[in-house]
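Structure first, commentary second.
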Amino acid sequence: MPTISINGERLFVEAQTLEALLQDQGFSGSVATAVNENFVPQTLRASHQLNEGDRVEILAPMQGG
Amino acid sequence: MPTISINGERLFVEAQTLEALLQDQGFSGSVATAVNENFVPQTLRASHQLNEGDRVEILAPMQGG
Amino acid sequence: MPTISINGERLFVEAQTLEALLQDQGFSGSVATAVNENFVPQTLRASHQLNEGDRVEILAPMQGG
Amino acid sequence: MPTISINGERLFVEAQTLEALLQDQGFSGSVATAVNENFVPQTLRASHQLNEGDRVEILAPMQGG
Amino acid sequence: MRRFYGEMLPNGLMLGTAQYPSPAVMASAFRESGAAVATVSLRRENAQGSGQVFWDLIRALDVRLLPNTAGCHSAKEAITTAHMARELFSTDWIKLEVIGHADTLQPDPVALIEAARVLSQDGFKVFPYCTEDLVVAERLIEAGCEVLMPWGAPIGSALGLNNPFGLRSIRNHFPEIAMVVDAGIGLPSHAAAAIEMGFDAVLLNSAVAKAGDPVSMARAMACAVEAGRLAFDSEPLPARDMAAPSTPVLGQAFLS
Amino acid sequence: MRRFYGEMLPNGLMLGTAQYPSPAVMASAFRESGAAVATVSLRRENAQGSGQVFWDLIRALDVRLLPNTAGCHSAKEAITTAHMARELFSTDWIKLEVIGHADTLQPDPVALIEAARVLSQDGFKVFPYCTEDLVVAERLIEAGCEVLMPWGAPIGSALGLNNPFGLRSIRNHFPEIAMVVDAGIGLPSHAAAAIEMGFDAVLLNSAVAKAGDPVSMARAMACAVEAGRLAFDSEPLPARDMAAPSTPVLGQAFLS
Amino acid sequence: MRRFYGEMLPNGLMLGTAQYPSPAVMASAFRESGAAVATVSLRRENAQGSGQVFWDLIRALDVRLLPNTAGCHSAKEAITTAHMARELFSTDWIKLEVIGHADTLQPDPVALIEAARVLSQDGFKVFPYCTEDLVVAERLIEAGCEVLMPWGAPIGSALGLNNPFGLRSIRNHFPEIAMVVDAGIGLPSHAAAAIEMGFDAVLLNSAVAKAGDPVSMARAMACAVEAGRLAFDSEPLPARDMAAPSTPVLGQAFLS
Amino acid sequence: MRRFYGEMLPNGLMLGTAQYPSPAVMASAFRESGAAVATVSLRRENAQGSGQVFWDLIRALDVRLLPNTAGCHSAKEAITTAHMARELFSTDWIKLEVIGHADTLQPDPVALIEAARVLSQDGFKVFPYCTEDLVVAERLIEAGCEVLMPWGAPIGSALGLNNPFGLRSIRNHFPEIAMVVDAGIGLPSHAAAAIEMGFDAVLLNSAVAKAGDPVSMARAMACAVEAGRLAFDSEPLPARDMAAPSTPVLGQAFLS
């Protein structure tokens, strides 16, 4: 069971893929993902295996200038 | 028969009053008048006697900034 | 014995002339004088009679910009 | 006998070294040298062999802002 | 936006009527810009009544008129001209110009104050064309003026606001007085800047009439005045020397 | 007005979405101003999906989106963020920000050029936030940028156009390139001046969002941009040092 | 450098004598700067003769005196003060100040012209403190003034030259008249800029007297005036919009 | 005044040696101005040894030399030139110029940083000619530069300080770094203003060499730099918006 960081917070997770992680953590809306500072497109989330120590970023739209 | 200046031009005129002068010279529209650098209102033109050497100014609307 | 004002202060004075006034009041250095807002040159101070209510100004050099 | 370029001009020269080239060409004052865009210090001129096609720059002090 | 002698204007754009390529272009410029006020002048009429054509045109614009005393070099001349204008244009508004310097058309402050006093007493509502001089402004107000028209720059120069400090100063020293920046405006940014400073209106002529396309430039100026007015009423963000992010820094991702 | 990567925009106003008192005020500011483009950003989402509310709001605006890479301090970070933004906002437009100086948020020219090159090759349409530096501009264009976004002044400063010479220079040296003055604009007169110089658009945020009344300030900026655009297209009267009368001097009466 | 009523001054620095931390500092400031002229004033003397100390000090400076009429609000008051000053300081030079606005100490142009006329007829050599107004300038010259002293900015503001256009204009319109920029100068660069424009001198006081180190600031101003004078006489390179290399491009090496 | 790589200079004037009407005039300009530093360059020598005449002349000036890499368009070229200059002029000081834009001679920031890093590691004391860009400045400092030379305006333009905000900003952000305003200075008031802002020196060439009288202009610049230095060290009176009398109002006479 890998320890990964999601948006800077360390968690023990059961999910093996990025897709599963998003579902387990309850992210349902429009988000974009990166693992270890590399973009992971939506279409590759299901096949993207998570490894111990991965740093996952899950971003959503926000206000900007 | 007095010699007066109308808008800077010297003329012999028969008119005795400012009103008559305007009629004789064919001014029919909206004009304002001054004699010898003093304003003569429309209402006083009929009673305003012209004298030898008078300087009459007859002004009309024009463009301005 | 006239009441006059010297530099804004009212005083009873015995002096009859501006010259005498300056001496009585102890002004000895370089000053210029005005009475009732009119300049009184040094050469006329001796002959300048003071009257009741006169406003005397006695000015000296000062800093200025 | 190599063909080299000196300050942009192509020449057939007999000199085998940079030092010899300077002497042959009559450069006697304060100059600095580069061959093929690399600086060649004064101390290395005697040992710097010239090759066919070398581009030699010989620079002197000039006005500058 | 302050009232002009008690009168509310629909907007802060005053437009001159001189120097257009044609009367039709002038009429379009007024229509398209919706200018609140048109400045007009007087000239010697000839027997053909050529001034009447302009008069008919100007009445059709259906806009508030502000006659001027352009070209007058003395108080006396300006006063007589003002009286003639009042009768001719049926308005007691008068843009008082007394030229003091032939080259720059800069106003003569002494004659201006004198003429303003006489005309105010005669019931005129005087709009004096002046500089940003605070003391002259105070004298004009004492003379009865409820409106001031300081220049931005010399007439026809299109230089904009030459002395922003002086204009801010005159604007701030007389908070009750309606003020129009007259002369020198060449671009919409100049007009907007004047209104942003707190001026109630701008008066311009050559910037519009002598542009390549006077009609669209007239619209540009109307937009600029509206922009300035809205901004003035919106309590703008004050300028500051230091920088700040305009995107909140919370929740920043670490992707590096 | 030049095209932006081949696309014609209805007007030259680009508006940020940050720092408004409320989402409703933001939405009104967009509606009232008719801004052609809205800038947006990305942040870490939480499980409650709080970013989705903003997303729904922004889609309802029905406006072209321009996501930014605000907060990125390296090329790598900006590139990853750009990819995430492209997927999330379904647009290949990206406002490329690579912060080089923490205080002033000034861009890092070296990293900016590098990121612009990579992203252009990846099919992005890059809008780089840059300074008025001509050489950096040339490198950005070589890197594939068809649009440049030089600053007016530091972000959030409201100082306007700090270096008019530099801005005129960058505008004139690359006549084919669409350019947006981004950052520093505080007042409508600043926005109008930028467009009058030949810039195609302005991008602003805090001047609107942090005004006392953001909605009317948004309208003010829209008016200013329109004013600048009309003026630029109207061939304005050139400024000149000397003065000229704006009333014709023919037929001048002698009343003195 | 023009003459002042026929008199050649050794340099273009005129310095006030007010507001120094101490009389000794003032004396050093004059010595170190070599100022050509000292402005002085008048005040009510008391029986202790406290004005005499200053008088002794000022005579020891061995510098041309220019008494002022500071604090006068009417022509009458200024005229009387001028007469008193002439007697007291044994000079017919008078810096004519007639305050028109209490806050800003801006001159009253009407009273100024009147007082200048009366004093000129009384044989005074009038140095009127005025604004950059061309028409007032012309009236002052007609009144007999051969020198004008337009302000740079309000007295004591240290803002420098608020209206460079106006100052250039007044300087260029009256090429025969000696002119001094009086008031508002805060830094040497302001003083140098005034002289570079063609002004003959600057008059300043608080910039020196209220600096942390008045003596070295006085020297700074002397250097600045000299710099401006030398530059004006050296036919400076005109500014131009485009760039040019300052190193000749002939014989450029190819090292790349 | 900060040290330049540990070295104290007698004053803050650096003067170029190009474009003078004659060598004799150049020599006089240096003698009369007492400039602390002379910039020099390199060019292709011919067999007649014409560069040696200049070299003899320059050594006779007895002034610190600062060779430049003018005309170099790449880091490589600048580095090679720097090495040649170090040997030729026997100094490890180098004014690093890497041209990025042929017209304006604006520096290429990327190549500049690269060359600065290599040269610093090679023991050079690099004086990089740069813009007012804070981020480039920071990179240059990281690369080993202890001195920066931001431009005032394009080389040879005589426009002065185009972006005072940017110059103040770079000056204030790196308080430990010695800085020279290089390029664009046309008048003594520009030079004085730079020093007043806190810059340690100015470098100029065409303003002096191409003035009608280069020698007196050189003196003017020396005076201006001294004026600025004295003022900076004298704690100047801060500017303020409002006005204050510079004559004490106590004891004011009543003469009206």
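How far apart are the H:P10 label points across copies, placing each 7 Å from Cα toward Cβ, in nm, shortest first?
Spacings between copies for this position, smallest first, are 2.5, 7.0, 7.4 nm.
By how many degrees, between 0 and 90 and to the nearest 10, does the Cα long axis of helix F:75-89 differ from the longest principal axis of chain F?
It is inclined by approximately 90 degrees.
To the nearest whole number, what is the average tally of beta carbon atoms from other chains within 10 Å of the beta carbons of peptide H:125-131?
1
Once amide H atoms are placed 1.01 Å from N in the peptide plane, what residues at a sequence separation of 5 or more from F:V40, or on another chain, have their amide H within under 5 Å of its amide H?
Placed amide hydrogens put F:L66, F:N68 under 5 Å from F:V40.
Which of the lysines could be linked to G:K210 by a straight reach, that is with a Cα gap under 22 Å, when you skip same-chain ones fewer than 8 residues away?
G:K95
How high is the relative contact order of chain F, in percent, with contacts defined as C-alpha pairs under 8 Å that are six or more residues apart?
Taking the mean separation of contacting Cα pairs over the length of chain F, I get 20 percent.
Kirkwood-based Rg over Rh for chain H (C-alpha set), two decimals?
Radius of gyration over Kirkwood radius for chain H works out to 1.05.
Starting from a label point 7 Å past Cα on the Cβ side, list the distances from F:A47 to the same position in the other copies, nm, shortest first.
Inter-copy label distances (nm, one decimal, shortest first): 8.8, 9.4, 10.1.
Counting only Cα atoms, I'd like the Rg/Rh figure for the stretch H:87-132, Kirkwood definition for Rh.
1.01
Among H:M221, G:M8, F:M26, H:M1, which comes first, second and so on when ranked by fewest other beta-carbon atoms within 10 Å?
Least crowded to most crowded, the residues run G:M8, H:M1, F:M26, H:M221.
Is there a simple number for the mean count of other chain Cβ atoms within 10 Å of the Cβ of residues in G:64-70, and what is it?
For this peptide, the per-residue mean of nearby foreign Cβ atoms is 3.
Could you tell me what percent of the DSSP beta bridges with both partners in the protein assembly as shown are antiparallel, to the nearest 5?
That works out to approximately 45 percent antiparallel.
Using only Cα atoms and rounding to the nearest 10 degrees, what angle (0 to 90) does helix E:214-233 make with the longest principal axis of chain E?
60
Please report, in whole Å³, the volume per residue of the convex hull around the C-alpha atoms of the stretch G:139-222. Display every interim value, and only then the final one.
Working: hull volume 7.4 nm³, N = 84.
Once divided by residue count, the hull of the stretch G:139-222 is 88 Å³.
Give the average over all directions of the projected area of the C-alpha convex hull of the stretch F:1-128, one decimal, in nm².
Numbers: hull surface 34.6 nm².
Over all viewing directions, the stretch F:1-128 projects a mean Cα-hull area of 8.7 nm².
I want to verify the translational diffusion coefficient of the stretch F:57-117 in µm²/s; compute it with Stokes-Einstein, Rh as the Kirkwood radius over Cα pairs, at 10 °C and 1.306 mPa s.
132
So what's the projected area for the stretch H:68-195, the Cα convex hull averaged over all directions, in nm²?
Approximately 7.3 nm², given one-decimal rounding.
For the stretch G:89-129, give the magnitude of the charge dipole about the Cα centre (Cβ charges: +1 Lys/Arg, -1 Asp/Glu; no others), in debye to the nearest 20.
With Lys and Arg at +1 and Asp and Glu at -1, about 140 debye.
For chain C, what is the relative contact order in percent, using Cα pairs closer than 8 Å and at least 6 residues apart in sequence?
Values: 104 pairs, mean separation 27.9, N = 65.
That works out to 43 percent.
Please work out which residue of chain C brings its Cβ closest to the axis of the rotation superposing C onto A, and round that distance to whole Å.
Smallest Cβ distance to the axis, with its residue: C:G65, 24.
Can you give the helix-only mean residue ellipticity at 222 nm for the protein assembly as shown, where every DSSP H stretch with n ≥ 4 adds -39500 (n - 2.57) and the sum goes over all residues, rounded to the nearest 500 deg cm²/dmol?
-10500 deg cm²/dmol
I'd like to compare E:127-140, F:137-150, G:77-90: which one has the highest average count of other Cβ atoms within 10 Å, and what's the full order after that? Show your work: numbers first, answer last.
Working: E:127-140: 25.6, F:137-150: 21.9, G:77-90: 23.7.
Top to bottom by mean Cβ count within 10 Å: E:127-140, G:77-90, F:137-150.
What are the distances, in nm and sorted shortest first, from the label point of G:R31 to the label points of the same position in each other copy, with each label point placed 7 Å from Cα along the Cα-to-Cβ direction?
So the label point of G:R31 gives 3.3, 7.7, 8.1 nm to the other copies.
Going out from 0 in 5 Å bins, what whole percent of all Cα-Cα distances in chain B drops into each bin?
4, 17, 32, 28, 11, 4, 2, 1, 0
Which chain E residue puts its Cβ closest to the axis that rotates E onto G, and at what distance in whole Å?
E:N163, 2
For a quick check: sort G:F232, H:F165 by the number of other beta carbons within 10 angstrom, fewest at the front.
H:F165, G:F232
From zero outward in steps of 10 Å, how is the percent of C-alpha pairs of the protein assembly as shown spread across the bins?
2, 8, 14, 16, 17, 16, 12, 8, 4, 2, 1, 0, 0
Mind putting a number on the dipole of the stretch G:44-84 about its Cα centre? Charges go on the C-beta only, +1 for Lys and Arg and -1 for Asp and Glu, and I need it in Debye to the nearest 20.
The calculation lands at about 100 debye.
List every residue whose amide H lies under 5 Å from the amide H of E:C130, counting only residues 5 or more places away in sequence or on a different chain, with H placed 1.01 Å from N in the peptide plane.
For E:C130, whose amide H was placed from the backbone, the distant partners under 5 Å are E:M149, E:W151.
Along the stretch H:24-38, what does the Karplus equation 6.51 cos²θ - 1.76 cosθ + 1.60 (θ = phi - 60°) give for ³J(HN,Hα), rounded to whole Hz, x for Gly and Pro?
Running phi through 6.51 cos²θ - 1.76 cosθ + 1.60 with θ = phi - 60° gives 5, 5, 4, 4, 4, 4, 5, 4, 6, 8, x, 3, 7, 9, 10 Hz.
Give me D for the stretch G:1-65 in µm² s⁻¹, whole number, from Stokes-Einstein with Rh from the Kirkwood sum over alpha-carbon pairs, 25 °C and 0.890 mPa s.
Estimated diffusion coefficient is 189 µm²/s.
Charges only on Cβ, +1 for Lys and Arg, -1 for Asp and Glu: so what's the dipole of the protein assembly as shown about the Cα centre, in debye to the nearest 20?
0
For the pair G:E7 and G:A47, what calculated FRET efficiency results from E = 1/(1 + (r/R0)^6), where r is the Cβ-Cβ distance and R0 = 45 Å, to the nearest 0.05?
Step by step, r from the Cβ atoms, then E = 0.75.
How many angstrom lie between the Cα centre of the stretch H:1-46 and the Cα centre of the stretch B:27-61?
The two parts, judged by their Cα centres, are 77 Å apart.
Taking the Cα centre of the stretch E:59-155 as the origin and placing charges on Cβ (Lys, Arg +1; Asp, Glu -1), which of E:L66, E:P107, E:S90 is farthest toward the positive end of the dipole?
Working it through, the farthest residue towards the positive pole turns out to be E:S90.
Quick note: the coordinates plus some simple rules give every number you see, no bench work behind them. Quick caveat: nothing in here was measured; it's all calculated off a predicted structure. Note that we place each Cβ from the backbone using ideal geometry, even for glycine, and neighbour counts take in every protein chain shown.
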